[in-house]
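The values are calculated or read from the model by the stated rules, or taken from the named source; none is laboratory data. Here the structure is a predicted model, which is why all the values come from computation and not from measurement. As a convention, Cβ positions derive from the backbone with ideal geometry for all residues, glycine included, and neighbour counts pool all protein chains shown.
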Amino acid sequence: MAITINPISPVAFSVFGLDIRWYALAYVAAFVIGYFMLRAFTRHNDSQIKLDKKQLDDLLTAIILGVIIGGRLGYVLIYNPVFFLAHPLEIFAVWHGGMSFHGGLVGVIAAVFLFAWNQKRRKKISGGVYNNAFRILDILSVITPIGLFFGRIANFINMEVMGRPTDVSWAVVFAGGTPIPRHPSPLYEAATEGILLFIIMYCLYRFTGLRRRPGALGGILAMLYAVFRIFCEQFRAPDVQIGFLTDWGLTMGQLLSIIMFMVGAAVFAFAFKKEKVK
């Protein structure tokens, strides 16, 4: 028997007539928590990179822009290009939802490398651009699952990217919506890509020497996220405008995750070819 859930309004509250949505709050929470974690990691005695407050503020700005621009363009170009070609102004309506993690990841990587290059050019930071960028990305690999957790919870509240029809006892039906019981796939992703991935990455950062090999933790994050995403996509309904890519059920999310896994494996392998940082 399915669990019936009363829909939650996508609007958390309103301020002077301005609607504040859960989706936006998820991003705000992720960025705020991420900032303080990033500050704590970079100020730790064992940190592989030191950043002052001005540098942290600049880095956070770069990351926010990378997430939003990369995530939105990724969704526009990969998941629904026909719609946005016909409605170009909707590209800017991010409050309607529609963000791609894979696109956001590319945006963050580009933003971090640009930040590292700019800091090196201004002689604000020692070391090479490559090592510094990957040191930052290794720290972000611990923080990223927190943002994924909040994002998936917001997806569930918005009744987005829901699962495939099922008869399992924990299937959900939103009151007033379709009566078909479905997997609560956003919660699966919040648990695996969010909570479980955070625990694994934190333990690897805290209790192993992988952080002394720039790029190693970032490569592991890419591989583990890809595995969890491919698994969860087995229960998640494919995007309506795309459907399955093959007769045997490959989804766009799985295809992108396969590519992501291979890139992560290459980065991880390359990290071990370089000399270990003391």
Q. Can I199 be described as surrounded by fewer than 15 Cβ atoms within 10 Å (Cβ to Cβ) and modelled with pLDDT of 95 or more?
A. yes
Q.
Take the residues in the range 155-176 that are touching a Phe, Trp or Tyr at 6+ places or on another chain (Cβ under 7 Å) and under 21 Å from F231 (Cβ atoms); name whichever of them is surrounded by the most Cβ atoms within 10 Å (Cβ to Cβ).
A. G163
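Pick out the one residue from G253, G249, G219 that is buried (at least 16 other Cβ atoms within 10 Å of the Cβ), of a type in the set (G, A, S) and either touching a Leu at 6+ places or on another chain (Cβ under 9 Å) or farther than 30 Å from N45 by Cα (or both).
Result of the check over G253, G249, G219: G253.
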Q) Does at least one position in the range 54-74 carry a residue that is under 27 Å from V129 (Cβ atoms), touching a Lys or Arg at 6+ places or on another chain (Cβ under 9 Å), at pLDDT below 90 and among the charged types (D, E, K, R)? A) no
Q) Condition test on V106, is it at pLDDT below 90, within 23 Å of A26 (Cβ to Cβ), surrounded by fewer than 22 Cβ atoms within 10 Å (Cβ to Cβ) and out of contact with any His (no Cβ under 6 Å at 6 or more places or on another chain)? A) no
Q: Any chance you could count how many residues in the range 3-30 are in contact (Cβ under 8 Å) with a residue 24 or more places away in the chain, surrounded by 14 or more Cβ atoms within 10 Å (Cβ to Cβ) and of a type outside the set (D, E, K, R)?
A: 10
**Q.** Which listed residue, of P186, P179, P238, is in a loop (DSSP other than H, G, I, E, B) and surrounded by 18 or more Cβ atoms within 10 Å (Cβ to Cβ)
**A.** P238
Q) Is it true that S126 is of a type in the set (S, T, Y) and surrounded by fewer than 17 Cβ atoms within 10 Å (Cβ to Cβ)? A) yes
Q: Pick out the one residue from M201, M159 that is assigned to a loop (DSSP other than H, G, I, E, B) and under 19 Å from the mean Cα position of the chain (by Cα).
A: M159
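Yes/no per residue for (1) under 17 Å from G103 (Cα atoms); (2) crowded, with 21+ Cβ neighbours inside 10 Å; (3) free of Cβ contacts under 8 Å to residues at least 12 places away in the same chain:
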residue: L56; (1), (2), (3): no, no, no
residue: L59; (1), (2), (3): no, yes, no
residue: L65; (1), (2), (3): yes, no, no
residue: G71; (1), (2), (3): yes, yes, no
residue: G74; (1), (2), (3): yes, yes, no
residue: Y79; (1), (2), (3): yes, no, no
residue: V82; (1), (2), (3): no, no, no
